[in-house]
Amino acid sequence: MNRTPKLLEVNALKKHFPLHGGLLGGTTGYVYAVDGVTFDIAKGETLSLVGESGCGKSTVGKSILRLFPITDGEVWLDGERVDNLPPRQLRPMRRRVQVVFQDPFSSLNPRQRVRDVIAEPILNFGLAHGSELDDRVAELMDKVRLPRDAMRRFPHEFSGGQRQRIGIARALAPGSDLIICDEAVSALDVSVKAQIVNLLSDLQDELGLALLFISHDLAVVEHITHRVAVMYLGKIVELADRRTLFSTPHHPYTRALLSAVPVPDPKAERHRIILHGDVPSPIHPPSGCRFHTRCPFAFDRCRVEEPQLRAAPGSSAGHVMACHLDQVPREVPQAA
Amino acid sequence: MSTSEPSVAGIVAAPDLPEVLPPRKERGRVGTVVYRHPTMAFGGLLLALVVAMAIFAPWLGTVDPTALAPARRTRPPPDLIAWLSYWFAGGRHPPAVQYWFGTDMLGRDVYSRVLYGTRVSLIVGFAVAFFSAVVGMVIGLVSGFVRWLDAVIMRIMDGMMSIPSILLAIALMALTRGSVRNVIIAITIAEVPRVSRLVRGVVLSLREQPYVEAAIASGTRTPKIIIKHILPNTLAPLTVQATFICAAAMISEAILSFIGAGTPPIIPSWGNIMAEGRALWQVKPYIVFFPAVFLSITVLAVNLLGDGLRDALDPRLAKRI
């Protein structure tokens, strides 16, 4: 896997949103939404970005899409740096990275027919015209398994799952290499969710797509992904391939997340790590390790020194994590 | 197909069902509108009647609304007895039923004046609604998209909105001569801040919509985003707002005329008729009564239409499978 050229490289990405307040609307502080995130995605690979609400997963996705300028860091697409491109030169890059959003209801313009929704990116990049365009749209409808006669309809005539298929067709339309699925299946009910997840992985096999799968649903992630990055308060705390991460997670936060996944077996023995308290505010992130306020294994060093991503000791290659402990105890210390 | 793969905990791999689209209901368009939005249909019908009255005023048994007849001043409208004696007399035209709404203190036919007054009210209402919608739309779009101008524009609009719109219109009229055109301009200026605020708000919320972000991500340029994604979705609230402005403008026009700051007295507008009849209100109430009733009915019609439009133009509510 390491030999394939990287499609997307994200290097020390930071996005701080200024907070406005006061009488004159000056900047009173920053939300440190994403604070130094590094990862890469190879062609045809799925990387999942998991974490609690508000940990900055979606901001990473939107930063890559350049929906807003980033604060610091670099984004490379196929060996070309794209985060600082002026709008004119950015456009050709946009063709290659597309997005599927969470809410199937607000991600489609209610006043556009399905045909126009799917045709828009094709027209934007001048990829097809006239009858060729219609053929292309029909082909995309087939790809996402929607009946062709749905083209003339409006989004409100469809169910959530069908709309998400329209969204996927739109994302595929310009012949993209990378699709950012921003909680793309989170709003769907379980059976529809499974259909969409399967559709995505079928499309990946068929078209060699890379996926950045942003989700908080670990069960879905385990089903679809090649590698997983776990985020906490704007930073990646652990990154590994699927098998390693789900079988031998290292970071206490990852273990807490995994232990929260319901297991459909009442007899299964479980070591649950229950986290107390809320995620601290990204406006005033904790000093040292950002997880120390909720970590059951935290010690003095965690409060002052921020752990850097490093290879997890005794694990497979490519397994990195950010924790001071080389060995995290299995059991939570009782008397704390 | 990965559907057949063993499922993982938490995922139920349902078989791919055939995608069933709900059948479309086909019904006559007019029938559908009446059936789903009775208020809108009623308001529209009422407004159509008023518009027809304005257009066909010369053929609806009217006389010259400005013709003076000092000999027949303040004739009351015919009462039931007058009508009965008219019918039993075999349809000849005795003077008692000649003036349906009576005559005013200069002997002018109130019926003719009210009918011709419809034209003034409708022209002012529609023109103000149209121009304030267009101007407000442009200002709203600019301040929604050009962030550095937004604060400046909105403070100006706030300033204008802090003056009651009728006072602003009166002040503006005081600067110029009374004419229908100036009335339209004055009321439009007074209504624009509200529209531009509405459009700005809608634009700001639309800009955050995932479908706009998806359009940006798929390379749509800003002008096309405005035309394809923003404008069509502001049109519905704007149309609704325009109908309410139309009603408000007709009332404003009547108020301006009533206090003598609107259309010149020679033009028979409803406000002018009421202003002239005001002095005789206690003895000859009908001079004020008829234009007032017509104003109320017209405003009601426009408001009903606006209410119905608000329901009808929301595509989510319009679904109703």
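In the stretch A:42-144, which helices (runs of 4 or more DSSP H) lie fully inside it and hold 3 or more residues that are more than 10 Å from chain B (Cβ to nearest Cβ)?
Per the criteria, A:57-64, A:114-124, A:130-143.
Residues of the stretch B:195-251 being touching a strand residue (DSSP E or B) at 6+ places or on another chain (Cβ under 9 Å), in a helix (DSSP H, G or I) and buried (at least 23 other Cβ atoms within 10 Å of the Cβ), which ones?
Within the stretch B:195-251, B:Ala214, B:Ala217 meet the criteria.
Can you give me the number of residues within the stretch A:145-177 that are of a type in the set (Lys, Arg), at the interface with chain B (Cβ under 10 Å from one of its Cβ atoms) and either surrounded by 20 or more Cβ atoms within 10 Å (Cβ to Cβ) or within 25 Å of the chain's Cα centre (by Cα) (or both)?
Summing the residues that are of a type in the set (Lys, Arg), at the interface with chain B (Cβ under 10 Å from one of its Cβ atoms) and either surrounded by 20 or more Cβ atoms within 10 Å (Cβ to Cβ) or within 25 Å of the chain's Cα centre (by Cα) (or both) in the stretch A:145-177 gives 3.
Might you let me know whether the stretch B:61-84 holds any residue that is among the charged types (D, E, K, R) and under 27 Å from B:Val180 (Cα atoms)?
Checking the stretch B:61-84: at least one residue is among the charged types (D, E, K, R) and under 27 Å from B:Val180 (Cα atoms).
What's the number of the condition A:Pro285 fails, among (1) loosely packed, with under 13 Cβ neighbours inside 10 Å; (2) at pLDDT 85 or above; (3) closer than 16 Å to A:Glu52 by Cβ; (4) not hydroxyl-bearing (Ser, Thr, Tyr)?
Of everything listed in (1) loosely packed, with under 13 Cβ neighbours inside 10 Å; (2) at pLDDT 85 or above; (3) closer than 16 Å to A:Glu52 by Cβ; (4) not hydroxyl-bearing (Ser, Thr, Tyr), A:Pro285 misses just condition (1).
How about the stretch A:193-263: which strands (runs of 3 or more DSSP E) wholly inside it have at least 1 residues that are more than 14 Å from every other protein chain (Cβ to nearest Cβ), at pLDDT 90 or above and over 23 Å from A:Lys62 (Cβ atoms)?
Here the list reads A:235-241.
Residues being of a type in the set (A, V, I, L, M, F, W, C) and over 15 Å from B:Pro210 (Cα atoms): count how many of those fall in the stretch A:104-117.
Counting residues in the stretch A:104-117 that are of a type in the set (A, V, I, L, M, F, W, C) and over 15 Å from B:Pro210 (Cα atoms) gives 1.
A:Glu183 is checked against (1) within 11 Å of another protein chain (Cβ to nearest Cβ); (2) at negative phi; (3) out of contact with any Asp or Glu (no Cβ under 7 Å at 6 or more places or on another chain) and fails just one. What number does that condition carry?
(2)
Answer with yes or no whether B:Ala186 is closer than 18 Å to B:Gly271 by Cα and part of a helix (DSSP H, G or I).
yes
Do we have any residue at all in the stretch A:293-306 that's in contact with a strand residue (DSSP E or B) (Cβ under 8 Å, 6 or more places away or on another chain) and among the hydrophobic types (A, V, I, L, M, F, W, C)?
Within the stretch A:293-306 (the criterion being in contact with a strand residue (DSSP E or B) (Cβ under 8 Å, 6 or more places away or on another chain) and among the hydrophobic types (A, V, I, L, M, F, W, C)), the answer is no, since none of the residues qualifies.
The values are calculated or read from the model by the stated rules, or taken from the named source; none is laboratory data. Note that this is a predicted model, so its numbers are computed, not measured. Glycine also receives a Cβ, built like all others from the backbone with ideal geometry; neighbour counts cover every protein chain displayed.
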